[in-house]
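The values are calculated or read from the model by the stated rules, or taken from the named source; none is laboratory data. As the structure is a prediction and not an experimental result, all values here were calculated from the model. Note that each Cβ is placed from the backbone with ideal geometry, even for glycine, and that neighbours are counted across all protein chains shown.
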Amino acid sequence: MRSSALEADRLPQPSGPFPLSCWPLLPPSCEIRQLLVHVYPGGSKCPGAERITVFYGRRGRPVKKPRFMPAALAHQWARKLQAQRLGTVSVL
């Protein structure tokens with residue numbers, strides 16, 4: 001019993017405003033990603049072509065700023081957007 005008490009003293013203790021139950025911080029349960037589509041208005045993908053970047057949100061609708069979503073949902077929406085042949089679909 002004495003040795004377990006000594007081991008508890010040697011463990012690093014959390015510092016800051018977080019409670020002991022949050023420490024050590026575990027990785028998130030699912031990865032998060034961003035979904036975006038690069039649209040080429042002229043239809044050509046040559047290096048100097050104009051490119052418009054459209055970000056998509058969790059509900060599969062275009063949004064103004066990049067939004068994070070679970071990776072599985074991002075890949076699901078990417079497959080659906082890729083089938084529509086809008087442009088280059090990226091999951092970052």
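Within the range 68-90, if we keep just the residues that are touching a residue at least 24 places away in the same chain (Cβ under 8 Å) and surrounded by 16 or more Cβ atoms within 10 Å (Cβ to Cβ), the residue that is farthest from ILE32 (Cα to Cα) turns out to be GLY87. On the stretch given as the range 51-92, residues that are small (Gly, Ala, Ser) and part of a strand (DSSP E or B) total 1. Taking residues in the range 45-65 that are farther than 25 Å from GLN76 by Cβ, and partners anywhere that are modelled with pLDDT under 90 and in a loop (DSSP other than H, G, I, E, B), the pairs with Cβ atoms closer than 8 Å and at least 6 places apart or on different chains are ALA49/TYR40; ALA49/GLY42; GLU50/TYR40; GLU50/PRO41; GLU50/GLY42.
What residue, of VAL63, VAL54, is surrounded by 10 or more Cβ atoms within 10 Å (Cβ to Cβ), modelled with pLDDT of 90 or more, over 15 Å from GLY87 (Cα atoms) and among the β-branched types (Val, Ile, Thr)? Within the list VAL63, VAL54, the selection yields VAL63.
Residues satisfying the criterion are absent from the range 1-14 (criterion: out of contact with any His (no Cβ under 8 Å at 6 or more places or on another chain), at pLDDT 90 or above and exposed (fewer than 10 other Cβ atoms within 10 Å of the Cβ)).
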